[in-house]
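Notes to accompany the following structure.
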Amino acid sequence: MTQRAPIRVGIMGFGQTGRQIFELASRSDDIEVVAIADIGKPEILHYLLCSEVEQPERHRLEGNFLVNERCRARLMEIDRPAEMPWDIFGVDIVIDSTGKYREREFMASHLQNGAPRVLLRTLPADHIDRIVIPGLNADSVSVDDRMISAGSATTSALALLLSSLGDRFAIECGSMTTIHAFTSDQALQDYAGSDFRRSRSAAKNIIPNTHEASLWLGHILPAFDGKILTSALNVPVQEGCLLDVNLIMRDADVEVEQINEAMRAAAARHPDIIGVVEDPIVSSDVIGNPLSLLFDAKGTIKAGANTVKTLSWYENLGHAARLLDVVRLYHALDQQQEAA
Ligand SMILES: NC(=O)c1ccc[n+]([C@@H]2O[C@H](COP(=O)([O-])OP(=O)(O)OC[C@H]3O[C@@H](n4cnc5c(N)ncnc54)[C@H](O)[C@@H]3O)[C@@H](O)[C@H]2O)c1
């Protein structure tokens, strides 16, 4: 039997997400990371990767190549998409996980430099071809999509929760607060930044923050357009996030157990993406969880006749796994087109 050629992936931004993508790809049998662009030095990128994976000895630095038994990825010290020659590496897709280049003009630079598609790790800043959330709208993708986003970890978790409940119950409106692990763009000590509260130390504060999910929800789930307020509280926790969602239900007779049952049914439909936890877990228990949404059955409560509050857990690894799901989705589309 002939072996299928792996999907050739380029990564720009070898931070937490980029490294998780690399590690997941290195353990897959269908994806090969062939080039990585980052402002960091190869020695430091290799060092950071090895500091967090289970078998660091698998990953060797050979000159400017990051090598393991699955792939040989060229590390390029580059800071702009326009400078990265993706065509040399014959990539099928580039994942931009810098968080810096969310505008169309930068995505276009990836395409002009030979990437057939570019997939953003986070929400875009402009209108792009598609926002794809596995488990939700994967069937909407088109082979013509070039500029794609897989949403953010928070947006995916929220959209999956709303769609699972919205399929069963009429929801008037609601609000989401993500109690979010600190991110690398926050300062450890008080440090003047572009925003007042985000200029305060991430290590010792609960920092109220805006969240863009509400702006894009209508693109992913039109029924919820303009109905959900979103915000964040960044807390001094390194990994593990909690989605606190309050919903106003149209019918007063929706009970807690019906909500939990709807989520158990959603988890049964999408076991690799949604889970339900019945145990009294805390944030560190979700570190390393590859799901996009872990619904907390013990967290569901009802207030008055129509208000339901839910809790769900997630962390960045689940989002890295979904990014690779999106890579596979487009590859399958290309193959179908080639076969037709
Ligand atoms: N991790 C999370 O939970 C989370 C949540 C929401 C948003 N984000 C955002 O998503 C983005 C990626 O997440 P992450 O956790 O992997 O972040 P990260 O900071 O760990 O990684 C970003 C990587 O991109 C590289 N980079 C930065 N500017 C670059 C440039 N101009 N050219 C090339 N490389 C560049 C950095 O060196 C770093 O390796 C960040 O902007 C982050 O703030 C992350």
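Only the coordinates and a few stated rules stand behind these numbers; no lab work does. Since this is a predicted model, take the numbers as computed values, not measurements. Glycine gets a Cβ as well: all are built from the backbone with ideal geometry, and neighbour counts include every protein chain shown.
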For this session: With springs only between Cα atoms under 10 Å apart, run a GNM on the chain and tell me which of A153, A181, A268 wobbles the most.
Result: A268
Exercise. Counting each DSSP H run of 4 or more residues in the chain as -39500 (n - 2.57), what helix-only mean residue ellipticity at 222 nm follows after dividing by all residues, to the nearest 500 deg cm²/dmol?
Worked result: -8500 deg cm²/dmol
Exercise. Rounded to the nearest whole Å³, what is the per residue volume of the convex hull around the Cα atoms of region 278-340?
Worked result: 123 Å³
For this session: In whole Hz, with x marking every Gly and Pro, tabulate ³J(HN,Hα) for region 246-254 from phi via Karplus 6.51 cos²θ - 1.76 cosθ + 1.60, θ = phi - 60°.
Result: 10, 10, 9, 8, 5, 9, 6, 8, 6
Problem set entry | Vicinal HN-Hα couplings computed from phi for region 119-126 (Karplus, 6.51 cos²θ - 1.76 cosθ + 1.60; Hz; Gly/Pro x) | 10, 7, 6, 9, 5, x, 9, 10
Seminar exercise, completed: For C173, other-chain or 5+-apart residues with amide H closer than 5 Å (H placed, Pro excluded) are I248
Seminar exercise, completed: As a percent rounded to 5, the proportion of antiparallel DSSP bridges among beta bridges in the chain is 50 percent
Seminar exercise, completed: Sorted by chain and then number, the residues having a modelled amide H within less than 5 Å of the amide H of V94, at least 5 places away or on another chain, are G10, R117, V118, L119
For this session: Please name which of A192, I228, H180 has its Cα lying farthest along the dipole of region 152-242 towards the positive end, using unit charges on Cβ (Lys, Arg +1; Asp, Glu -1) and the Cα centre as origin.
Result: A192
Problem set entry | Residue with peak Gaussian network fluctuation, the chain [Cα springs, cutoff 10 Å], from I11, I301, I93 | I301
For this session: Give the distance, in whole Å, between the Cα centre of region 59-112 and the Cα centre of region 116-172.
Result: 23 Å
Problem set entry | Degrees between helix 16-26 axis and first principal axis of the chain (Cα, 0 to 90, nearest 10) | 70 degrees
Exercise. Any idea what the dipole of region 153-318 comes to, in debye rounded to 20, about its Cα centre with Lys/Arg Cβ at +1 and Asp/Glu Cβ at -1?
Worked result: 340 debye
Problem set entry | For region 162-273: span of alpha carbons on each principal axis (Å, largest first) | 48, 28, 25
For this session: Have a look at G151, G18, G40 and tell me which one the Gaussian network model of the chain (Cα, springs below 10 Å) gives the largest fluctuation.
Result: G40
For this session: Starting from the amide H of V277, placed 1.01 Å from N in the peptide plane, find each other amide H under 5 Å away whose residue is 5 or more places distant or on another chain.
Result: F295, D296, A297
Problem set entry | About the Cα centre, charge dipole magnitude for the chain (Lys/Arg +1, Asp/Glu -1 at Cβ), debye | 360 debye
Seminar exercise, completed: Within region 153-318, the percent of DSSP beta bridges that are antiparallel, given to the nearest 5, stands at 70 percent
Exercise. In what sequence do S231, S184 fall when counting other Cβ within 10 Å, fewest first?
Worked result: S184, S231
Problem set entry | Hz values of 3J(HN,Hα) by residue in region 168-184 - Karplus curve (6.51, -1.76, 1.60), Gly and Pro given as x | 10, 10, 7, 10, 6, 5, x, 9, 10, 10, 8, 8, 10, 4, 5, 10, 5
Exercise. Could you name the lysines in cross-link range of K298, using Cα to Cα under 26 Å and dropping any fewer than eight places away on the same chain?
Worked result: K227, K309
For this session: Starting from the alpha-carbon convex hull of the chain, give the projected area averaged over all orientations, in nm².
Result: 18.6 nm²
